[in-house]
Amino acid sequence: MISGIKYRLAQLLFVTTLLGGCSFTNNPKPLNQALDQGLVDVELTNVGTFGDVMIATIYGKAPDSVELAIPSGLIVKNEQSDEDFVLVRYQGMLSALDAIDPQLEEPLTAHKDQPSYGLIEAYSIEAYTNSPTISDTFRLDGFAEADLKTLIDLFAQKPHDQFTAKQIAIWAITDDADREVVYWASSLFKEADFEQAKALLIEAKLDPTNYLMFQE
């Protein structure tokens, strides 16, 4: 039974134009591998539920700078609550943790002498929980699997838009949520968002009728 009210606010879209992808050189190392190899430390800060809502503060530990990539489908575990996230793609460097002006063409690079801040497109995978607070801490927790990974890989190739539809499609998979749950999460979702979410599932070659949200 659902109790209480969860307020979710779609975040200010830091980028409103299509991002074709940042130009990396020198074979950027996936963030998870760089962590495993002790090349970097990372602190993840969440600023909302969907869209450009995850900021990675990167601390380099190697003598040389390390270019990093954000693989699509990385799961981010919230260590304070149940609301976890899935990462889609890197969106650009920020000049500071509280900046709102990502440098779109600047690769995510870890430096030993100063922190770097990367803006990441990410989405909640928990429809039934309260939104995280700014003080919550997160850690990487493997990769999405099966249908969710298929969907996220599609999102990573799509234009930087349709944030609400993407969130609905994810919740359809991860929590088998129905429309009542989505509307409970936020009044910001509209009927057109559900139609777009259905189209995204079909584009990912996933059958919408396998999920409660799109069953008649």
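Read-outs: derived from the displayed coordinates by stated rules, not from any lab. The structure displayed is predicted, hence computed values, not measured ones. Heads up, the Cβs are rebuilt from the backbone with ideal geometry, glycines too, and the neighbour counts pull from every protein chain shown.
Neighbours of ALA199, meaning other residues whose beta-carbon lies under 14 angstrom from its beta-carbon, give a summed charge of -2 when Lys and Arg score +1 and Asp and Glu score -1. Here is the P(r) of segment 29-214: all C-alpha pair distances, binned every 10 Å from 0, give 10, 38, 35, 15, 3, 0 in whole percents.
Summing charges over all other residues whose Cβ lies under 11 Å from the Cβ of LEU94, with Lys and Arg as +1 and Asp and Glu as -1, gives -4.
Take every Cα pair under 8 Å in the chain that's 6+ residues apart, average their separations, divide by the length, and report that relative contact order as a whole percent. Walk me through the numbers on the way to the answer.
Working: 478 pairs, mean separation 49.2, N = 216.
Result for the chain is 23 percent.
The charge dipole of the chain, taken about the Cα centre with unit charges on the Cβ atoms of Lys, Arg (+1) and Asp, Glu (-1), comes to about 200 debye, rounded to the nearest 20. Using θ = phi - 60° in the Karplus curve 6.51 cos²θ - 1.76 cosθ + 1.60, the 3J(HN,Hα) couplings for segment 40-49 round to 9, 10, 9, 10, 10, 10, 9, 10, x, 9 Hz; x is entered for Gly and Pro. Ranked by how many other Cβ atoms sit within 10 Å of their own Cβ, fewest first, the residues TYR117, TYR183 fall in the order TYR183, TYR117. Across segment 87-96, computed HN-Hα scalar couplings (Karplus, 6.51 cos²θ - 1.76 cosθ + 1.60, θ = phi - 60°) run 8, 9, 6, 6, 10, x, 7, 10, 6, 7 Hz from first to last residue, x flagging Gly and Pro.
Which distance in nm do the two modelled labels at HIS111 and ALA192 give, with both placed 7 Å along the Cα-to-Cβ direction? In this crude spin-label approximation the distance works out to 4.3 nm.
Arrange the following residues from fewest to most other Cβ atoms within 10 Å of their Cβ: GLU145, GLU106.
Values: GLU145 10, GLU106 15.
With the fewest neighbours first, GLU145, GLU106 line up as GLU145, GLU106.
In sequence order, segment 155-163 has phi-based couplings of 4, 5, 9, 8, x, 7, 7, 6, 5 Hz under the Karplus curve 6.51 cos²θ - 1.76 cosθ + 1.60, θ = phi - 60°, and Gly or Pro positions carry x. Ranked by how many other Cβ atoms sit within 10 Å of their own Cβ, fewest first, the residues LEU68, LEU108, LEU188 fall in the order LEU188, LEU108, LEU68. Place a label point 7 angstrom from the Cα of THR209 along the Cα-to-Cβ direction, then list the residues of segment 142-161 whose backbone nitrogen is under 16 Å away. The answer is none. Of the residues ALA127, PRO28, GLY73, the one whose Cα sits farthest toward the positive end of the charge dipole of the chain, with +1 on the Cβ of Lys and Arg and -1 on the Cβ of Asp and Glu, is PRO28.
The simple spin-label model puts a point 7 Å past each Cα toward its Cβ; for ALA62 and GLN103 those points are separated by 2.0 nm.
For segment 122-216, the Cβ-based charge dipole about the Cα centre amounts to some 280 debye (Lys, Arg positive; Asp, Glu negative; other atoms uncharged). Amide H contacts of GLU126: ASP84, each under 5 Å away and 5 or more positions distant or on a separate chain (H built 1.01 Å from N in the peptide plane; Pro and chain starts excluded). In this structure the amide hydrogen of LEU108, modeled in the peptide plane, comes within under 5 Å of the amide hydrogens of LEU68, none closer than 5 places in sequence on its chain. Given LYS149/LYS190; LYS166/LYS198; LYS29/LYS205; LYS166/LYS205, which pairs have Cα atoms separated by over 21 Å? Violating the 21 Å Cα-Cα cut-off are LYS149/LYS190; LYS29/LYS205.
For the chain, adding -39500 (n - 2.57) for each run of n ≥ 4 DSSP H residues and dividing by the number of residues yields -6500 deg cm²/dmol at 222 nm.
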